[in-house]
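Input: a single structure, listed below in structure tokens.
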There are 2 protein chains.
Amino acid sequence: MGRNKEFDTALVLHKAMEVFGHYGYEGTSLQNLLDGLGIARQSLYDTYGTKRDLFTTAVKHYVNEKTGMVIAMLDTPGSVKETISHIFHEIVAVLQDEIRCKECFIMQSAIDQIPHDPVLAEFFKQDMQRLEKAFHNALIRAQEQGELSNRHDDLLSLARYLIHARYSLTQAAKLTTDPKVLADISNVTLSTLDY
Amino acid sequence: MGRNKEFDTALVLHKAMEVFGHYGYEGTSLQNLLDGLGIARQSLYDTYGTKRDLFTTAVKHYVNEKTGMVIAMLDTPGSVKETISHIFHEIVAVLQDEIRCKECFIMQSAIDQIPHDPVLAEFFKQDMQRLEKAFHNALIRAQEQGELSNRHDDLLSLARYLIHARYSLTQAAKLTTDPKVLADISNVTLSTLDY
DNA sequence: TTTATATTTGACTGTTTAGTCTATAATGGA
DNA sequence: TCCATTATAGACTAAACAGTCAAATATAAA
């Protein structure tokens, strides 16, 4: 009994990613959120709690979504290099899309908050560990499959490199107006696997 | 005639980099600045103008200082690969230093402001162009000197890649607690030049 | 119809914000 | 000494801030 939820909470959460991504956590006012989410103030507090709660929820939602997809892809049998290449082309495509790129920028706001938010810090630490394992295992498999030269003797370093390269593309997207640059960077990054 | 300036304005500017880097632009209150700079409120306004003015001045000062050093190194005759290697080891060393790393983080705050500050956006655009030219020319020279394999057929992409890799190390420093990771990433990045 | 939940609206609070103003003291050259 | 400049201190303003509260309406199931 009782009235049903009218707005799609997951969809509103994605809008929150855009707003926080655009203004940054501190730079986002409650009014910005109300305008961006299209819901009333009280609905926001009833559904998501405080501004900080909403931010944390949105960040975790975003990261889990993305990390989940990446790990699922890396765990799928087949060419590892093609998978990694696909992961990078995907993020470049998203960043080149004027609409889809927006929510990616919540990553930057989240990283800014890490030094001031132990909960977020711990969350990212665990996210990095998940990604590290997944990339590392995939690279080991790549070498076993003969896809990756044996000259790569430190696959953990290579895994960490790829993880941060992926995150840094979002930063590069803010620094450059030319979308082609992102593809260039991505291609050079991937070329590391080729020799 | 008249009293002389008592505080070193350049030194105070470096402290401002630390404060803005730590809290972000929006997250920095005037009180944070007063505590961090160790000068009185009125002195701040008399010397640097508004909070935004101080931020812009600090960012430009930081970027010009760093870019200037990098370009000077790249323009110096000798082994290009050794120079680039030195540039990366330098930034890693700074980021691993608990004290010296702090002012680097103003970069992140500045990048966050680019979408909302046309002046800063234009400034970074020109900074990127300066760096692009310097890295590109250096890589051309490296190939002429036989330091760099001819398989690298797109030296502009490679230049862009190196520039963003350098900037992204600062971001990586926020995401990882293990300082060794930065060195790992840096080494893999530099390995791109070796094959 | 009753009851429980969802949503909106607008008023409200107490705090914090950036920035200004005034007064006072300190410093250095003329 | 006189004057210009620098610095500090504290009071002050007007706006913006996050968050709360109460009242009214809307929806859905019992």
Checklist entry - Just for helices (runs of 4 or more DSSP H) wholly inside the range B:6-83: which have at least 1 residues that are more than 16 Å from DNA strand D (Cβ to nearest atom)? => result B:9-23, B:51-75
Next on the checklist: Condition check: open to solvent by less than 40 Å² (accessible area, probe 1.4 Å), touching a residue at least 40 places away in the same chain (Cβ under 8 Å) and not β-branched (Val, Ile, Thr). Does A:LEU155 satisfy that?
Outcome noted: no
Checklist entry - Out of the range B:77-109, which residues are open to solvent by 80 Å² or more (accessible area, probe 1.4 Å), within 22 Å of B:PHE135 (Cβ to Cβ) and charged (D, E, K, R)? => result B:GLU82
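Looking at the range A:89-195, what helices (runs of 4 or more DSSP H) fall wholly within it and have at least 3 residues that are touching a helix residue (DSSP H, G or I) at 6+ places or on another chain (Cβ under 7 Å) and within 8 Å of another protein chain (Cβ to nearest Cβ)?
On the way: elements: A:106-113, A:118-144, A:155-175, A:179-191.
Correct list: A:106-113, A:155-175, A:179-191.
From the list A:GLY21, A:GLY49, A:GLY2, which one is within 13 Å of DNA strand C (Cβ to nearest atom) and either at positive phi or at pLDDT 95 or above (or both)?
Details: A:GLY21 fails: within 13 Å of DNA strand C (Cβ to nearest atom); A:GLY49 fails: within 13 Å of DNA strand C (Cβ to nearest atom).
Sole residue among the options that is within 13 Å of DNA strand C (Cβ to nearest atom) and either at positive phi or at pLDDT 95 or above (or both): A:GLY2.
The values are calculated or read from the model by the stated rules, or taken from the named source; none is laboratory data. The structure displayed is predicted, hence computed values, not measured ones. Heads up, the Cβs are rebuilt from the backbone with ideal geometry, glycines too, and the neighbour counts pull from every protein chain shown. SASA here: full protein model, heavy atoms, side chains in, ligands and nucleic acids out. Shrake-Rupley method; radii C 1.70, N 1.55, O 1.52, S 1.80 Å.
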